[in-house]
Structure formats: structure tokens, C-alpha cells
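No lab work stands behind these numbers, since they all come straight from the coordinates. Just so it is clear, the structure is predicted and the values come from calculations on it, not from any experiment. Please note: Cβ atoms are built from the backbone with ideal geometry, for glycine as well, and neighbour counts cover all protein chains shown.
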Amino acid sequence: MDRVNSKSIDHLSFAIFHLSLSRGLQWQMKNGKWKMKNASLLLVLAVCLFSCCASSRGGAFPAAAAFGSCPVCHMRVKAADDWTSEIYYRDGTKLMFESPADMMAFYTEPRRYDVDASHKDLSRVEKVTVKDHQSRRVIDAGEASFVYNSNVEGPMGPDFIPFGSSEAAEAFLAANGGTLTSFGDVTGDMVREVRK
């Protein structure tokens with residue numbers, strides 16, 4: 001199934017499943033035997049649709065997608081959320097992450113996650129974006145300053161807090177503690193330290 005349509009299919013399969021339970025699983029007495037009425041086809045269709053969509057969880061989505069699934073935590077991600085981070089690829093697709101820490105976990109060790117091989121290949125990355133902690137505007141991760149191990153947490157707990165300017169990051173660091181770093185300096189060990 002095309003990942004572009006996975007959200008629509010999720011909704012459709014849920015509706016069919018709900019319909020099969022609420023209306024289709026009606027029993028009727030016929031010739032002295034109880035029989036289900038109209039449920040079999042609807043139930044089989046709902047199960048098929050659910051199973052088709054399951055493989056697209058956490059995979060790549062079109063670059064303009066407003067919704068997706070995080071390949072690290074498997075939660076639904078909305079592009080407009082304050083903590084959303086995204087990795088854009090040259091083929092016009094992107095991976096969406098619930099938080100900068102989830103994106104860093106993937107970026108430092110992509111082989112650990114269930115995405116296709118082409119999206120594990122970091123040489124295909126066009127850009128990586130995060131949202132500035134103060135303004136919530138989208139910024140290039142490569143130009144951002146990050147504070148980690150501070151007393152401020154993201155939606156998934158301890159996180160890498162992104163800032164569009166080093167001055168803002170240093171002011172945040174002075175007020176909230178932590179360690180200052182850049183995107184290019186983040187390692188798998190640092191991510192594991194944040195995630196412990």
C-alpha cells in the first residue's frame with residue numbers, strides 16, 4: 001500500500017471494522033439456528049486493510065505531508081506540532097519524528113530502525129529540520145545550537161532543545177543547566193545518555 005494513503009486507509013478500515021461490529025455482527029434466528037448476518041465480509045475487509053497499513057508505520061512520507069509516524073517511537077506525528085523534527089530526502093520524501101531526541105536517535109543509528117534501506121542512507125538526506133524552542137519556527141538542524149541534559153524536557157522526556165541562535169541557547173543553558181552542542185557533534189552515546 002502506498003504510504004501516502006495510509007492515514008486515509010487507517011480511517012476507512014476503522015470505520016469498516018466499527019460498522020462490522022456495530023451493525024454487521026447481528027445475530028438472527030433462521031431455521032432454528034443462530035447465524036451472523038453480513039459480518040463476515042466486512043470483518044475480513046477490515047482485517048485486510050489494518051494489516052496492509054501496519055507496514056507503513058514509521059516509514060517515509062511525501063515531503064509536504066502534514067501527518068506521519070515516527071520510526072523511533074511509532075507515535076503519530078503532526079508537522080505543525082511544536083517539537084516535530086523532520087529529515088528530508090532528495091527523492092521528495094521525509095521521515096517525521098516526535099521530538100529532536102527521536103530524530104537524533106535515528107540519525108546517529110539509522111540501521112536500528114524499521115525503514116527501507118534508502119531512508120537509512122544518510123547520503124540521500126537533503127536537509128534536517130527542528131523547531132526553535134522559543135519561536136517554534138522551523139530551522140535547519142545543522143545551523144542550530146542544542147542544549148541537552150537540562151532540566152527542561154520535551155514531549156518524550158529528556159531531549160535535545162534546539163535554538164536558532166547560540167546566544168539564545170547560552171541564555172537557556174544559564175537558566176536551566178545542561179550541555180551545549182551542535183547537530184554535527186551529536187553521537188549515539190550522547191543520545192543514549194539523554195534517553196537513559
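Non-local amide H neighbours of M75 (under 5 Å, H modeled in plane, Pro and chain starts lacking H): which ones?
C70
Order these by the 10 Å Cβ neighbour count, fewest first: I139, I161, I87.
Least to most surrounded, the residues fall as I139, I87, I161.
How big is the dipole moment of the range 71-189 about its Cα centre under a simple scheme where the beta carbon of each Lys and Arg is +1, that of each Asp and Glu is -1, and everything else is neutral? Debye, nearest 20, please.
Working: 12 positive and 20 negative charges, 65 e Å.
I would put it at about 320 debye.
What's the exposure ranking of H119, H133, going from fewest to most Cβ atoms within 10 Å?
Numbers: H119 21, H133 24.
Lowest to highest Cβ neighbour count: H119, H133.
Within 10 Å of each residue's Cβ, count the other Cβ atoms and sort T179, T129 from fewest upward.
On the way: T179 14, T129 20.
With the sparsest Cβ surroundings first, the list reads T179, T129.
Tabulate in residue order the Karplus-calculated ³J(HN,Hα) for the range 174-181, using 6.51 cos²θ - 1.76 cosθ + 1.60 with θ = phi - 60°, rounded to whole Hz; enter x for Gly and Pro.
Coupling constants for the range 174-181: 5, 7, 10, x, x, 10, 8, 8 Hz.
Between V152, T84, A141, whose Cα lies farthest towards the positive end of the dipole of the range 61-195 when Lys and Arg beta carbons carry +1 and Asp and Glu beta carbons carry -1, centred on the Cα centre?
Of V152, T84, A141, it is T84.
Could the peptides 71-80, 109-118 be put in order, highest first, of the mean number of other beta-carbon atoms found within 10 Å of their residues?
Descending mean neighbour count gives 71-80, 109-118.
P158: net charge of surrounding residues, Cβ under 10 Å, Lys/Arg +1, Asp/Glu -1, itself excluded?
Once all neighbours under 10 Å are counted, the net charge is -1.
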